[in-house]
Protein chains: 2
Amino acid sequence: MNALPHGALALSSLEEQMLQPGVKGLPLTAPLRQGAIGVQGWNVLHGDTSFPVAVLKTSALRHNLEWMRDFCDRHGVRIAPHGKTTMCPQLFGAQLANGAWGITLANAVQVRVAHRFGVRRVLVANQLVARSDVRMVLQLLHEDPGFECVVLADSLAGVARLAEEVDAHPLTRPLSVLVELGLSGERAGCRTPEEALTVARAIERAPGLVLAGFEGYEGLLVSDDHDADLRAVSSFVARLCALVREADDEGLFGTREILVTAGGSSYFDLVARGFQELHGLSLPLVPVLRSGCYLTSDHGMYQRHIAALDAREGVEPDAGLRPALEIWSVVQSRPEPGLAILTMGKRDASHDAGLPVPLWHHRPGPGAAHALPDGCEIVKMNDQHAYLRLPEGPVREMLAVGGLVGCGISHPCTTFDRWPLLLAVDDDYAVRFALNTFF
Amino acid sequence: MNALPHGALALSSLEEQMLQPGVKGLPLTAPLRQGAIGVQGWNVLHGDTSFPVAVLKTSALRHNLEWMRDFCDRHGVRIAPHGKTTMCPQLFGAQLANGAWGITLANAVQVRVAHRFGVRRVLVANQLVARSDVRMVLQLLHEDPGFECVVLADSLAGVARLAEEVDAHPLTRPLSVLVELGLSGERAGCRTPEEALTVARAIERAPGLVLAGFEGYEGLLVSDDHDADLRAVSSFVARLCALVREADDEGLFGTREILVTAGGSSYFDLVARGFQELHGLSLPLVPVLRSGCYLTSDHGMYQRHIAALDAREGVEPDAGLRPALEIWSVVQSRPEPGLAILTMGKRDASHDAGLPVPLWHHRPGPGAAHALPDGCEIVKMNDQHAYLRLPEGPVREMLAVGGLVGCGISHPCTTFDRWPLLLAVDDDYAVRFALNTFF
C-alpha cells in the first residue's frame with residue numbers, strides 16, 4: 001500500500017473537525033462537521049449565513065489558477081506563490097496542483113503550517129534570525145529528508161547566525177540560502193552588488209550552508225508613476241540577473257540549479273521578461289516568481305495594477321485575472337437618508353490600501369443581486385462597522401435595514417487574515433465548501 | 001454533586017488542547033499541551049519564543065482589573081467591558097471575577113463565543129438584523145433559561161425584524177431591547193429624542209419584546225479638541241438620561257430594572273458622573289459602562305486619553321491604568337545605518353490609530369531590557385515587516401541583527417485580533433501561561 005501524500009491526513013482532518021457556534025460567517029446554533037457545510041443548502045443571497053461573511057468565488061479562483069499556469073508556461077518561469085497572502089492550506093494545494101514550484105512564506109511559523117498540510121518545498125522570503133525560528137525550520141529539514149527549504153540572508157551577521165545554528169544542529173544536507181538584493185531607502189536586502197557578493201562568498205565558505213541563488217522584491221518600487229516604475233523594475237531585475245552571473249563566474253553556487261526569484265503581484269510580467277535575459281550559466285537556472293495576490297486579485301489596488309499588466313501583455317480585458325474575494329454584510333441601521341451602517345468593519349475587511357468597494361445589494365431571498373449605483377462609497381470603518389454613503393436617488397429607498405451588501409476589497413493579504421474560515425461559493429452565491437486560514 | 005460552572009469545561013479544554021507547531025509566538029517543533037506552556041521555562045528576553053510574539057504583563061492586567069473595580073464602586077456604576085476588544089475567554093473570566101456586570105459584544109457570533117466559555121449575561125451593543133444572527137441569539141435564550149442578553153434597536157424596521165423572529169421562535173421570556181441614541185453624522189442610533197421614544201414605544205407594544213433601557217456611545221465624539229469633547233460628551237449623556245426619564249414617565253419599561261449604558265475607553269468618567277444625575281425613577285436603575293480597552297490600555301491613543309482622565313479624576317500619574325500589551329520582534333536586517341527592519345508587520349500590530357511605539361531593546365540572554373533612546377520611531381509597516389528609524393548615536397551600534405525590540409501599540413482591539421494566542425508574562429518576561437482569542 002502506498003503511503004498517503006504528505007499532509008493528506010492534516011487536510012482531511014480539517015473536513016472532519018467539528019466547528020463550534022461562534023465561527024465568523026457561519027450561522028451555527030450547534031456544532032457542525034466542516035465537511036458538511038456544502039450540503040446545508042446555504043446561499044449567501046438568501047441570508048442563510050451569518051453576516052459579515054467572506055466568500056471566494058470558485059469560478060474566479062479556477063480561472064486565475066489556470067491563467068497563472070499559462071502565464072508561467074508562456075514565459076518559461078515557475079511560481080512559488082506567496083503563501084502569506086492566504087495562509088490557506090486548501091489554496092496552497094490548488095496552487096501546487098496547478099504547477100506551482102513551491103510556496104513562498106514569510107517566517108518560520110508559516111513554514112510549519114505549510115509543512116503540516118503537505119507543502120514539500122518552501123521559499124522563506126525573509127531572513128530567519130531568532131534562534132527558535134531558525135530551529136523550527138532546521139528541525140523540519142532534519143526530520144523530513146524530502147522537505148526542501150531555502151531562506152534569505154543579507155548580512156554577514158545573518159550568515160553567521162544561520163551557520164551557528166546549523167553547527168549546533170547538524171543536518172545531513174546543507175541549508176540553502178539566497179542572498180537578498182535590496183533597494184536604497186527600502187526594506188531588507190544588500191544595498192549594492194558588492195555587498196551582495198560579499199554575503200554570497202560568506203555563505204559559500206560557511207560550513208553547513210550553500211549558496212542557492214539571489215532574491216529581490218521589486219514590489220517596493222510600486223508608485224503612482226507607472227512609467228518610472230517600469231524603468232525602475234526592469235533596472236532592478238537586470239541588477240539581480242547581473243549578480244547571478246557574477247556569482248556563477250566566481251563559482252559560488254553549491255547547488256545543482258541556480259535560483260533567481262522576484263515578483264510581487266503588480267509587475268511580475270516585467271520580472272519574467274527580465275529573467276529571460278539570463279542564460280548561458282554553468283548550471284540550470286530556475287527563475288521563480290512569488291506573486292501571492294494573483295489568486296484572488298481584488299477590486300482595488302491590484303485590480304488597477306493587473307489592468308496595466310494585462311495591457312502590457314496584450315490580454316483581452318475579460319481574459320485577465322478576476323477578483324474572487326467579497327465580503328457580504330447587512331444594513332443594520334439607516335440613521336440618515338444618505339447613510340447606511342453595515343455590519344462589517346476593520347475586523348473584517350482591509351483598510352490599509354483603500355476601503356472596501358460596495359458592489360452589490362440584495363434583499364435576502366431568491367433572485368440575483370443588483371449592482372449598486374455610482375456614488376455609493378464606504379467612507380469610514382470602525383472595528384465592527386462600515387459607513388456607506390448613498391447618493392441621491394432610488395438606492396436610498398431600496399437599501400433598507402436588513403438588506404445585504406456585497407463589497408470587494410483592496411489588498412487581499414489584510415482581508416484573509418481576518419477570517420479563520422472563508423466560504424467558497426458558486427456564481428449564484430450557493431455555499432459549496434469552506435476554506436481554512438492559519439494566521 | 002454540584003454542576004460545574006457554565007463554561008468551565010470549555011475553558012479547561014483550552015488548557016488541554018494540543019497546540020501544533022505553527023502557532024504565532026510559540027517556538028514549537030512538536031505538539032504541546034497548552035497548559036504546559038507555563039512550565040517550559042520560556043523567557044521572551046532569552047529569545048525562547050518565536051518572534052514576533054504578543055505578551056500581556058500580568059501585573060498590569062491585575063492592576064487594571066482592580067483599578068476599574070474601585071472606579072465602579074466609587075462612582076456607583078457597573079461595567080460590562082466590551083469583549084470585542086480581546087475576545088479572550090480567560091480575560092472575560094477575570095473581568096467577571098472582578099465585578100463586571102456582564103460582557104458587551106458586537107454581534108451574534110461573538111455572543112456564541114462568550115456563552116460557550118461561560119459568560120452568563122451579555123449586552124449586544126448593536127442592532128441584530130440578519131435572520132441567522134437573530135436566531136443564533138434567540139436559540140441560546142431558548143435553550144439556556146439562565147442566560148441573559150439585551151440587544152439594541154434604532155428603527156421601527158429593526159424592531160419589526162426582531163419581533164418577527166421572536167414570533168417565529170417563541171421564547172418563554174421576552175427579548176430585552178435597548179433603544180440606541182445616536183449622534184448626527186455619526187454611526188447608528190436614533191438622531192432625535194422623539195425618534196428614540198417612537199422606537200421605544202414600538203418595542204413596548206411588540207409581542208415578545210420588552211424595553212429594557214437606553215444606550216449610547218459617546219466614544220464617537222472623541223476629537224482633538226479636549227474641551228469641546230468634554231462639553232459634547234456631558235451633553236450627550238444628559239440627553240440619554242433625559243430619555244430614560246421620559247420613557248419612565250410614560251411607563252414604557254417592561255423590566256424589573258432600567259438599564260442605561262454608554263462609555264468607551266476615553267470618557268467613561270464623564271459618563272459615570274452623568275449617570276449619577278439620574279435618580280428618582282420608578283424602578284431601580286442599573287448604569288453600565290462598556291469600556292473595553294481599560295484592561296490593557298496602550299502606549300498610544302488610549303494612553304493619552306487615560307492620562308487626561310486621570311487628571312480629571314485626580315489620580316496620581318503612577319496609580320492610573322497601565323499598558324499591558326507589547327509585541328516583541330527581532331531585528332532581521334540593518335541595511336542602512338539609520339534603519340532596522342523588524343520581523344513584525346501589519347499582521348501583528350495595530351496600524352489604524354498610530355504605528356507601534358518602540359520601547360525596549362535587548363540582546364537575547366540574561367539581564368533586563370534597556371529603554372530605546374528618544375528618536376527611535378517605527379515609520380512604516382508592510383504586512384510582515386516594520387521599519388524602525390534610528391537616531392544618530394550609540395543605538396545604531398547596539399541594535400544588531402538578532403537583537404530583540406519590544407513595542408507598545410496604539411488601539412488594543414486591532415492588535416488582539418491578530419493573535420490567536422497571547423503569552424502572559426511576569427515583569428521579567430518569563431512566560432506564565434497562554435491566553436486564547438476567538439475572532
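Considering only residues of segment B:152-175 that are of a type in the set (V, I, T) and surrounded by 19 or more Cβ atoms within 10 Å (Cβ to Cβ), which is nearest to the other protein chains (Cβ to nearest Cβ)?
Filtering first and then ranking leaves B:V159.
Quick check: anything in segment B:213-223 surrounded by fewer than 16 Cβ atoms within 10 Å (Cβ to Cβ), hydrophobic (A, V, I, L, M, F, W, C) and under 23 Å from B:A108 (Cβ atoms)?
no
B:G219 passes all but one of (1) part of a helix (DSSP H, G or I); (2) in contact with a strand residue (DSSP E or B) (Cβ under 8 Å, 6 or more places away or on another chain); (3) within 14 Å of another protein chain (Cβ to nearest Cβ); which number fails?
(2)
Which of the residues belonging to segment A:309-321 are hydrophobic (A, V, I, L, M, F, W, C) and open to solvent by less than 50 Å² (accessible area, probe 1.4 Å)?
Within segment A:309-321, A:L309, A:V315, A:A319, A:L321 qualify.
Hey, any hits in segment A:131-150 for a residue that's facing another protein chain (nearest Cβ under 9 Å) and in contact (Cβ under 8 Å) with a residue 40 or more places away in the chain?
no
Of all residues in segment A:14-33, count the ones that are more than 9 Å from chain B (Cβ to nearest Cβ) and open to solvent by 60 Å² or more (accessible area, probe 1.4 Å).
Total meeting the criteria: 6.
Quick one: which residue in A:I306, A:I341 is outside any loop (DSSP other than H, G, I, E, B), assigned by TED's automatic domain parsing to the domain that holds A:G25 and either buried (at least 23 other Cβ atoms within 10 Å of the Cβ) or without any contact (Cβ under 8 Å) to a residue 60 or more places away in the chain (or both)?
A:I341
Determine whether A:A242 is more than 14 Å from every other protein chain (Cβ to nearest Cβ), out of contact with any Leu (no Cβ under 6 Å at 6 or more places or on another chain), farther than 29 Å from A:Q139 by Cβ and free of Cβ contacts under 8 Å to residues at least 12 places away in the same chain.
For A:A242, the condition - more than 14 Å from every other protein chain (Cβ to nearest Cβ), out of contact with any Leu (no Cβ under 6 Å at 6 or more places or on another chain), farther than 29 Å from A:Q139 by Cβ and free of Cβ contacts under 8 Å to residues at least 12 places away in the same chain - is not met.
Regarding segment B:225-241, can at least one residue be identified that is part of a loop (DSSP other than H, G, I, E, B) and either in contact with a strand residue (DSSP E or B) (Cβ under 8 Å, 6 or more places away or on another chain) or open to solvent by less than 40 Å² (accessible area, probe 1.4 Å) (or both)?
Among the residues of segment B:225-241, not one is part of a loop (DSSP other than H, G, I, E, B) and either in contact with a strand residue (DSSP E or B) (Cβ under 8 Å, 6 or more places away or on another chain) or open to solvent by less than 40 Å² (accessible area, probe 1.4 Å) (or both), which makes the answer no.
Are any of the residues in segment B:322-333 more than 14 Å from chain A (Cβ to nearest Cβ) and open to solvent by 10 Å² or more (accessible area, probe 1.4 Å)?
Yes, segment B:322-333 has at least one match.
Looking at segment B:50-84, which of the residues that are over 24 Å from B:H299 (Cβ atoms) and in contact (Cβ under 8 Å) with a residue 40 or more places away in the chain is most open to solvent (accessible area, probe 1.4 Å)?
The extreme case among them is B:R78.
Would you mention how many residues in segment B:420-429 are outside any loop (DSSP other than H, G, I, E, B) and open to solvent by 20 Å² or more (accessible area, probe 1.4 Å)?
Number satisfying all stated conditions: 0.
Going through B:A157, B:A188 one at a time, which residue ends up being part of a helix (DSSP H, G or I) and either farther than 27 Å from B:A10 by Cα or touching a Cys at 6+ places or on another chain (Cβ under 7 Å) (or both)?
Just one listed residue meets the conditions, B:A157.
If I ask for residues that are in a helix (DSSP H, G or I) and touching a Gly at 6+ places or on another chain (Cβ under 7 Å), which ones from segment B:245-279 would you list?
Passing the criteria: only B:V271.
I want to confirm something. Restricting to segment B:368-419 and keeping residues that are assigned to a loop (DSSP other than H, G, I, E, B) and touching a Cys at 6+ places or on another chain (Cβ under 7 Å), which single residue is surrounded by the most Cβ atoms within 10 Å (Cβ to Cβ)?
B:P412
Within segment B:46-86, how many residues turn out to be of a type in the set (A, V, I, L, M, F, W, C) and closer than 17 Å to B:K24 by Cα?
Qualifying residue count, segment B:46-86: 5.
Take A:M87 and decide whether it is more than 14 Å from every other protein chain (Cβ to nearest Cβ) and buried (at least 22 other Cβ atoms within 10 Å of the Cβ).
For A:M87, the condition - more than 14 Å from every other protein chain (Cβ to nearest Cβ) and buried (at least 22 other Cβ atoms within 10 Å of the Cβ) - is not met.
Being buried (at least 23 other Cβ atoms within 10 Å of the Cβ) and aliphatic (A, V, I, L, M) is the filter here, so list the residues in segment A:344-367 that pass it.
Selection gives A:M344, A:A349.
Have a look at B:L281, B:L252, B:L230 and point out the one that is in contact with a Leu (Cβ under 7 Å, 6 or more places away or on another chain) and modelled with pLDDT of 95 or more.
The match here is B:L252.
Between A:A108, A:A114, which is touching a Pro at 6+ places or on another chain (Cβ under 8 Å), buried (at least 24 other Cβ atoms within 10 Å of the Cβ) and touching a residue at least 12 places away in the same chain (Cβ under 8 Å)?
A:A114
The values are calculated or read from the model by the stated rules, or taken from the named source; none is laboratory data. Predicted model, so just to flag it, every value in this text is computed and none were measured. Cβ coordinates were reconstructed from backbone atoms using ideal geometry, including for glycine residues, and neighbour counts include every protein chain displayed. Accessible surface areas use protein heavy atoms only, side chains included; no ligands, DNA or RNA. Shrake-Rupley method; radii C 1.70, N 1.55, O 1.52, S 1.80 Å.
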